[in-house]
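A short worksheet on the structure shown next.
The values are calculated or read from the model by the stated rules, or taken from the named source; none is laboratory data. Source: prediction; values computed, not measured. Here Cβ is always computed from backbone atoms with ideal geometry, including for glycine, and neighbour counts include all displayed protein chains.
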Amino acid sequence: MAVPQYKEPHLPASASGQAHRAAARFGLAAAAGELATAMGITGWPDGTATTAAQVCLNAWMNERGGVGNFEGDAIVSRLRQVIE
């Protein structure tokens, strides 16, 4: 599994850059886990690492509040506070 193949079904196209970067990192962890499984290192059934990475990505998105561009919103909000 390549990282882009992992990201596409787990993120909407409108997701922020930070969400895409996080999904890429979780995808890398999934790919590494699946490779280790294929090499007989983990003893896990196929798909376990991918499922675990998906659970972690979902938890990250829920904690963050979604996949939007919150950094930009925070910058604008802070700038408004400074101006007022």
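Within the stretch 49-84, being aromatic (Phe, Trp, Tyr) and more than 14 Å from Gly17 (Cβ to Cβ) holds for one residue alone: Trp60. In the stretch 38-46, is there at least one residue being under 11 Å from the mean Cα position of the chain (by Cα) and of a type in the set (D, E, K, R)? The answer is no, given that none of the residues of the stretch 38-46 is under 11 Å from the mean Cα position of the chain (by Cα) and of a type in the set (D, E, K, R). Highlighted here are the helices (runs of 4 or more DSSP H) found entirely within the chain that include at least 2 residues which are at pLDDT 85 or above and surrounded by fewer than 14 Cβ atoms within 10 Å (Cβ to Cβ): 17-38, 48-64, 70-83. Show the residue pairs that are 6+ apart or on different chains and have beta-carbon atoms under 7 Å apart, the first residue being within the stretch 71-84 and in contact (Cβ under 8 Å) with a residue 24 or more places away in the chain, the second being part of a helix (DSSP H, G or I). Once the first residue is in contact (Cβ under 8 Å) with a residue 24 or more places away in the chain and sits in the stretch 71-84, its partners that are part of a helix (DSSP H, G or I) give Glu71/Gln18.
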